[in-house]
1. Tell me, what is the per residue accessible area of region 175-261 in Å², probe radius 1.4 Å?
2. How many angstrom separate the Cα center of region 141-178 from the Cα center of region 99-125?
3. How far, in degrees from 0 to 90, does helix 242-263 lean away from the longest principal axis of the Cα atoms of the chain, to the nearest 10?
4. In square nanometres, what is the average projected area of the Cα convex hull of the chain?
5. Given the peptides 209-222, 44-57, 116-129, 80-93, arrange them by the average over their residues of other C-beta atoms within 10 Å, most packed first.
6. How much of the accessible area of the chain, probe 1.4 Å, is carbon plus sulfur, in whole percent?
7. To the nearest 20 Debye, how big is the dipole of the chain about its Cα centre, given +1 on the beta carbon of each Lys and Arg and -1 on that of each Asp and Glu?
8. Given springs between every Cα pair under 10 Å in a Gaussian network model of the chain, which of ALA60, ALA248, ALA226 has the largest fluctuation?
Amino acid sequence: MSEYEYVRYEPLDDGRIVRILLDRPEARNAQNRGMLVELHDAFLRAEADDDVRVVILGGAGPMFTSGHDLGSKVSIEEMQTHPSWQENGATRQGAERLMLQEWHHYFENTRRWRNLRKITIAQVHGPVYAAGLMLMWACDLIVAADDVVFADVVGTRLGMCGVEYFAHPWEFGPRKAKELLLTGDSLSVDEAYQLGMVSKVFPVDELPERTLEFARRIADTPTMAALLIKEAVNQSVDNMGFYNALNACFTLHELNHSHWAQVHDDRYPIAQESDGVPNWKEAPPVVPARRDQVRAEG
């Protein structure tokens, strides 16, 4: 594919660097099925190109991505028209259908991108919530605008135990992960930098160019050395249990979906207002997690 509908593929520096931009700004880059399929194709396209040394993943418009598309007109129409809804479990029944679809499009593809045979840099701006964390965490390095905040609100708004690619304890630390998931509060970009989750923080209006400068420095590393550095770190983390933990937590995520589908007459697989969560479309704003406040104020 030379062109995409929901993703922009930009070779830079004579093809040494590729910037992939989520390109659905009118929907704040909500991850509809077409976008995810195109993103996978774009990543594999960059991986196959021997001229490419570094891949930057960013988003066009006001934010990196608002997370999964939870029911836009585009997303609903895709269920009838997009070929991905005729494979990878889409024609099965019950929990099997949702499990296989989420395994392929949300979980295993994200893990595949994490192991891409190129160095990848997430270029994030705006609030990064829920499934936005997944795409960002799949990258080797994270560069953020100076006003970014990070949060996973699916526990407090959808009754779910985090997103499908459950890297939270590894990225936030175990206790901070529990706090952020149980409250839905956010982590500032400075706190994320102190944790080592974020590598560089730039003013938002300088983010694209400064990220490119950073990518150019990384691209100067010999490709074999860069690949083996990435592989050594990823294998070390996998041997600490990351790979198996991801598998186990994805299963828990699907159990969580199955629970809500069983207790609801309409088989809706996430929590509803009657279950004690706010309507996610009208939920109060996300607020910072503060060390001296039980309920932080925005």
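1. Counting only protein heavy atoms, the per-residue value for region 175-261 is 57 Å².
2. What the calculation gives is 16 Å, centre to centre.
3. With both axes taken from Cα atoms, the answer is about 30 degrees.
4. 15.6
5. Working: 209-222: 15.9, 44-57: 19.2, 116-129: 23.2, 80-93: 12.2.
Most protected by this proxy first, the peptides run 116-129, 44-57, 209-222, 80-93.
6. That fraction is 51 percent.
7. Once rounded to the nearest 20, the dipole reads 580 debye.
8. Of the options given, ALA248 has the highest mean-square fluctuation.
The values are calculated or read from the model by the stated rules, or taken from the named source; none is laboratory data. As the structure is a computational prediction, the values presented were derived from the model and not from experiment. Because the Cβ atoms are built from the backbone with ideal geometry, glycine has one as well, and the counts that use them run over all protein chains shown. To get the accessible areas, we keep the full protein, side chains included, count just its heavy atoms, and leave off ligands, DNA and RNA. Shrake-Rupley method; radii C 1.70, N 1.55, O 1.52, S 1.80 Å.
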